[in-house]
Amino acid sequence: QVQLVESGGGLVQPGGSLRLSCAASTNIFSRSIMGWYRQAPGKQRELVATLGRGGSTNYVDSVKGRFTISRDNAKNTMYLQMNSLKPEDTSVYYCNAWPTAYYPWGQGTQVTVSS
């Protein structure tokens, strides 16, 4: 069974940066469209960015120009580089397949943007 482990979150001031990692137990990134999702307290989980099998990327409007999704197939790891962070980016961030999140969810990684 595939396991996804997210890491890299933390507390950062507005305008700061973080790089999140999503480590998979097997090489899934070459065969799955993957996404980064986030869930803020009291809100539904939402998609943030996707990375296609061929490397194509898509972002929701609220993070365009600030976030970059990428992967390292050799390391079975996907990344989310987050720059110019805003308080509204505060959430628990998860990775999974898209459009159907058919892998078991990991524990996520908390990102808190606050001064």
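The values are calculated or read from the model by the stated rules, or taken from the named source; none is laboratory data. Note that the structure is predicted; figures quoted are calculated from it, not measured. Cβ sites come from the backbone with ideal geometry, for glycine too, and all protein chains shown count toward neighbours. Just the protein is used for accessible areas: all its heavy atoms, side chains included, with ligands, DNA and RNA removed. Shrake-Rupley method; radii C 1.70, N 1.55, O 1.52, S 1.80 Å.
Return a whole-number percent for the relative contact order of the range 10-64, with Cα pairs under 8 Å and 6 or more residues apart as the contact set. Each step should come with its number before you reach the end.
On the way: 49 pairs, mean separation 12.7, N = 55.
Contact order relative to length: 23 percent.
Within 13 Å, Cβ to Cβ, of Tyr94, how many net charges do the neighbouring residues add up to if Lys/Arg are +1 and Asp/Glu are -1?
Charge balance in the 13 Å sphere: 0.
For the range 51-64, just list the computed ³J(HN,Hα) in residue order, Karplus coefficients 6.51, -1.76 and 1.60, θ = phi - 60°, integers in Hz, with x standing in for Gly and Pro.
9, x, 4, x, x, 5, 10, 9, 9, 6, 4, 5, 10, 4
Under 19 Å between alpha carbons, and skipping anything fewer than 8 positions from Lys86 in its own chain: which aspartates and glutamates qualify?
Result set, ordered by chain and number: Glu46, Asp61.
Net charge near Val60, counting Lys/Arg +1 and Asp/Glu -1 over other residues with Cβ under 15 Å of its Cβ? Walk me through the intermediate numbers first.
Details: positive: Arg38, Lys43, Arg45, Lys64, Arg66, Lys86; negative: Glu46, Asp61, Glu88, Asp89.
Residues close to Val60 contribute a combined charge of +2.
Mind listing the long-range amide H neighbours of Gly108? Cut-off is under 5 Å, sequence gap 5 or more, other chains count too, H placed in the peptide plane at 1.01 Å from N.
Under 5 Å from the amide H of Gly108 lie the amide H atoms of Glu6, each far enough along the sequence or on another chain.
Tell me, what is the percent relative contact order of the chain, built from C-alpha pairs under 8 Å that lie six or more residues apart?
Numbers: 280 pairs, mean separation 43.4, N = 115.
So the answer I get is 38 percent.
In whole angstrom, note down how far apart the Cα centers of the range 5-24 and the range 77-112 are.
Cα centroid of the range 5-24 versus Cα centroid of the range 77-112: 9 Å apart.
Report, to the nearest whole %, how much of the accessible area of the chain belongs to carbon and sulfur atoms, 1.4 Å probe, protein only.
Numbers: 2760 of 5870 Å².
Summing carbon and sulfur atoms, their accessible area is 47 percent of the total for the chain.
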